[in-house]
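Enquirer: There's a structure below that I have some questions on.
Every read-out reported here was derived from the displayed coordinates using simple, explicitly stated rules and does not represent laboratory data. Since the model is a prediction, treat every value here as computed from it, not as a measurement. Note that each Cβ is placed from the backbone with ideal geometry, even for glycine, and that neighbours are counted across all protein chains shown.
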């Protein structure tokens, strides 16, 4: 036990030194070489290219452009995998519901007060990550996961009955999850439906004007690039992720009394 | 090679060493709650390495999942079963 204590201390100290180095040196300079591979050059050329909109995503953030525009279908199925996992969890826990009055006090007043200060900050940080996902590092999943952490923090500190009383019951969270996923599907076929109704041609997961198609998602919001569908994808994804992860965490947080019907199946002696 | 190019590589190396120590402690630890904390320390080291390798998107998705969601699920699991390993 002595040895492990020493190792813990040494590792903590090293981590502190490293983090302080990181603070001092800021960006720390480039670690990769200055010459780019052809694939990277191509992506960087077409991520934000107002002179060649036919191949461009018109978003300054290369990762979001790749994830939601160049490789949009992959990301859709990735989102569906998480959705199927949540559906499996809901199927396992079917019949369970948040009961009132088991132990609804939550944690102490000190923890509650600090959570009241911290949780809104995490929510705002997550929202900014999600809504600026097409401008700066971040995106729908990142922002949604940040906000889900804040929701789980509230659920643990104030008890899950508090969330239930505020209107976030299990079915509401599942509805939020489904609305987010449905919004992704609607955005991905929006231009296709528009082209079918108005004539002309368009593609699934189309963002800007493409070859043979003159339809386009809005690319500017006042004086900021909007990235067309990327903003709406990030928004819907963050809604889907916050609903799904919070639902999963609350299902796992359910107490014995609430799960007795699910575990036992029948009346117990 | 100039120092300002070599420094991030050295830091990533040292951080990786720290993460190895944290992983070893997490495996060794009999108190599972403490093991979860060591696992979170290892995840923090990995997040720092991702930042040094200039992948801020991965850092932002790794932080809430590995420091928030994963310890949460593990702690719930420990709470519903046993805290001390045999």
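Enquirer: What's the average, rounded to a whole number, of partner chain beta-carbon atoms within 10 Å of each residue's beta-carbon in A:246-255?
Expert: 2
Enquirer: Next up: Over the alpha-carbon set of the stretch A:110-269, divide Rg by the Kirkwood Rh and report the Rg/Rh ratio to two decimals.
Expert: A ratio of 1.12.
Enquirer: Taking beta carbons within 10 Å but only from partner chains, what does the mean come to for residues B:17-26?
Expert: What the average comes to for B:17-26 is 3.
Enquirer: Using the count of nearby Cβ atoms within 10 Å as a rough guide to exposure, how do B:24, A:51 rank from fewest to most?
Expert: A:51, B:24
Enquirer: Hey, what number do you get for chain A at 222 nm if only DSSP H runs of n ≥ 4 count, each worth -39500 (n - 2.57), divided across all residues, to the nearest 500?
Expert: Values: 10 runs with 170 residues, N = 269.
The per-residue figure over chain A is -21000 deg cm²/dmol.
Enquirer: A further question follows. Quick one: Cα centre-to-centre distance for the stretch A:102-131 and the stretch B:26-86, in angstrom?
Expert: Using only Cα atoms, the two centres lie 20 Å from each other.
Enquirer: What distance in nm lies between label points placed 7 Å from Cα along the C-beta direction at residue A:77 and residue A:174?
Expert: Going from the residue A:77 label point to the residue A:174 one covers 2.7 nm.
Enquirer: Which percent of Cα pairs goes in each bin when the distances of chain A are cut into 5 angstrom slices starting at zero?
Expert: 1, 5, 10, 12, 12, 12, 12, 11, 10, 7, 4, 3, 1, 0, 0, 0
Enquirer: Okay, moving on. For a Förster distance of 22 Å, can you work out the FRET efficiency between the beta-carbons of residue A:40 and residue B:6, rounded to the nearest 0.05?
Expert: After rounding, the FRET efficiency stands at 0.45.
Enquirer: Here is a further query. Ranked by Cβ crowding within 10 angstrom, fewest neighbours first, how are B:51, B:84 ordered?
Expert: B:84, B:51
Enquirer: If you don't mind, there's one more thing I want to ask. Let me have the relative contact order for chain B, percent, based on Cα pairs under 8 Å that are six or more residues apart.
Expert: On the way: 71 pairs, mean separation 27.5, N = 86.
After rounding, I find 32 percent.
Enquirer: With r defined as the distance between the Cβ atoms of residue A:114 and residue B:81 and R0 fixed at 25 Å, what FRET efficiency is calculated, to the nearest 0.05?
Expert: Once the sixth-power term is evaluated, E becomes 0.30.
Enquirer: What's the average, rounded to a whole number, of partner chain beta-carbon atoms within 10 Å of each residue's beta-carbon in B:49-58?
Expert: Numbers: counts 0, 0, 3, 4, 2, 5, 2, 5, 12, 3.
So the per-residue partner count for this stretch is 4.
Enquirer: Can you give the calculated 222 nm mean residue ellipticity of chain B, where each DSSP H run of n ≥ 4 adds -39,500 (n - 2.57) and the sum is split over every residue, rounded to the nearest 500 deg cm²/dmol?
Expert: -25500 deg cm²/dmol
Enquirer: If you average 1/r across every pair of different Cα atoms in the stretch B:2-80 and take the reciprocal, what Kirkwood value do you get, in Å?
Expert: Final number for the Kirkwood radius of the stretch B:2-80 is 13.3 Å.
Enquirer: Take residue A:49 and residue A:201, extend 7 Å from each Cα along the Cα→Cβ direction, and tell me the distance between the two endpoints in nm.
Expert: So the label points at residue A:49 and residue A:201 sit 2.1 nm apart.
Enquirer: Using the count of nearby Cβ atoms within 10 Å as a rough guide to exposure, how do A:257, B:29, B:86, B:5 rank from fewest to most?
Expert: Arranged by neighbour count, lowest to highest, A:257, B:29, B:86, B:5 become B:86, A:257, B:5, B:29.
Enquirer: While we're here: Looking at chain A as a GNM with Cα springs under 10 Å, which of A:183, A:16, A:130 has the largest mean-square fluctuation?
Expert: Of A:183, A:16, A:130, the Gaussian network model singles out A:16 as fluctuating most.
Enquirer: Can you give me the relative contact order of chain A as a percent, contacts being Cα pairs under 8 Å and 6 or more apart?
Expert: Reported relative contact order: 24 percent.
Enquirer: Label points 7 Å out from Cα along the Cβ direction at residue A:257 and residue A:10: separation in nm?
Expert: My value for the distance between the label points is 5.0 nm.
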